1. Report, by residue number, each residue of the stretch 193-215 that is surrounded by fewer than 19 Cβ atoms within 10 Å (Cβ to Cβ) and in a helix (DSSP H, G or I).
2. Of everything in the stretch 26-44, what is crowded, with 16+ Cβ neighbours inside 10 Å and either modelled with pLDDT of 90 or more or within 23 Å of the chain's Cα centre (by Cα) (or both)? Give them in sequence order.
3. Could you give me the residue pairs with C-beta distances under 6 Å whose first residue belongs to the stretch 9-29 and is of a type in the set (Asp, Glu), whose second residue is open to solvent by 50 Å² or more (accessible area, probe 1.4 Å) wherever it lies, and which are 6+ apart or on separate chains?
4. Can you tell me which of ALA68, ALA51 is modelled with pLDDT of 85 or more, aliphatic (A, V, I, L, M) and either under 18 Å from ASN125 (Cβ atoms) or touching a Pro at 6+ places or on another chain (Cβ under 6 Å) (or both)?
5. So which of VAL111, VAL136, VAL189 ends up being open to solvent by less than 70 Å² (accessible area, probe 1.4 Å) and modelled with pLDDT of 85 or more?
6. Which members of the stretch 73-106 meet the condition of being of a type outside the set (A, V, I, L, M, F, W, C) and under 23 Å from CYS59 (Cβ atoms)?
7. Within the stretch 1-39, can you find the residues that are of a type in the set (Lys, Arg) and more than 11 Å from TRP90 (Cα to Cα)?
8. With respect to the numbered conditions (1) exposed (fewer than 14 other Cβ atoms within 10 Å of the Cβ); (2) modelled with pLDDT of 75 or more, which one is the sole condition not fulfilled by LEU153?
Amino acid sequence: MFTFDASMTLQSFLDANKQLFEQTLLAEAEEIRSDIRHILQKGQIDLLYSAQQVLAYTCEGEQERLRAFADQEGKAWAVDTIDLSFQLEWVHALRRTAWIFIEAYETRKGVTEAISFFRQEREINDCLDLFLNTFVSSYTAYKEALLQEQEALIETLSAPIIPVHASVSILPVTGNMEAQRMTTLKDHVLQAVGEQKLRVLIMDLSGVEYLSPALVEMFNGIINGISLMGCKPIMTGIRPKLAVELTASSTAWNSNVQTIGTLQQALQEYLHEY
């Protein structure tokens with residue numbers, strides 16, 4: 001069943017029994033077999049290669065290389081959005097398989113001393129725990145970074161500033177507004193006004209149904225910032241419902257802003273002027 005020679009190291013024993021090792025590992029991971037099949041079919045992550053690398057670094061006592069490999073794998077799994085619980089079960093299956101083969105190797109080597117066995121057990125388990133802990137840390141940190149990047153991208157894309165002239169741009173404001181989005185909008189707008197050296201920014205609110213008094217005050221802050229940078233703020237597309245709410249509110253629009261009925265009217269006026 002096992003290929004063995006008395007001159008073999010544990011690593012060479014594992015290499016000689018690679019196919020049997022893979023079969024045993026897949027059998028030990030029975031609970032996640034469907035997930036394994038899915039991941040192997042995707043071809044992005046080679047689970048069996050990963051398992052062999054972990055054991056190779058473990059057998060050689062290469063903890064730094066093991067740590068680096070765990071960090072690399074954690075990022076790869078985060079990108080592919082593979083559930084973390086799967087990796088935990090996979091490592092448990094790898095641990096069980098490793099001990100099956102260690103027992104087979106030690107038995108054939110004739111090593112039966114308890115001290116040697118338990119020392120090796122601690123070393124093996126420490127290395128596997130090191131891999132798992134580093135993997136989880138890497139996965140979690142990288143996943144969080146990816147989510148933050150995606151959220152920032154979504155916020156930016158939700159407030160695109162569209163140049164229509166060397167010094168005139170349009171800002172379509174759409175959807176439900178809330179404080180965090182308004183803060184992001186302010187940073188995005190002021191940066192764009194400065195970078196593009198805008199003289200006119202047309203803010204189209206035709207996609208906004210409601211702004212609370214607090215949000216009107218925050219929007220006024222954006223208008224103030226635009227004005228202080230030498231850019232003329234123009235407001236278009238205010239819906240009747242929004243206009244009623246604004247007139248009933250104790251917070252009024254900033255006096256620096258000019259309102260024009262539609263985006264088309266604003267473009268006709270300011271493209272002609274500039």
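1. Of everything in the stretch 193-215, those that are surrounded by fewer than 19 Cβ atoms within 10 Å (Cβ to Cβ) and in a helix (DSSP H, G or I) turn out to be GLY194, GLU195, GLN196, PRO213, ALA214, LEU215.
2. ASP35, ILE36, ILE39
3. That search, which allows pairs on different chains as well, returns GLU28/ARG96.
4. Sole residue among the options that is modelled with pLDDT of 85 or more, aliphatic (A, V, I, L, M) and either under 18 Å from ASN125 (Cβ atoms) or touching a Pro at 6+ places or on another chain (Cβ under 6 Å) (or both): ALA51.
5. VAL189
6. Matches in the stretch 73-106: GLU73, GLY74, GLN87, GLU89, HIS92, ARG95, ARG96, THR97, GLU103, TYR105, GLU106.
7. Within the stretch 1-39, LYS18, ARG37 qualify.
8. (2)
The values are calculated or read from the model by the stated rules, or taken from the named source; none is laboratory data. Because the structure is a prediction, the values reported are computed rather than measured. Every residue, glycine as well, gets a Cβ built from its backbone with ideal geometry; the counts of neighbours run over all protein chains shown. The area values use the complete protein model at the heavy-atom level, side chains included, leaving out ligands, DNA and RNA. Shrake-Rupley method; radii C 1.70, N 1.55, O 1.52, S 1.80 Å.
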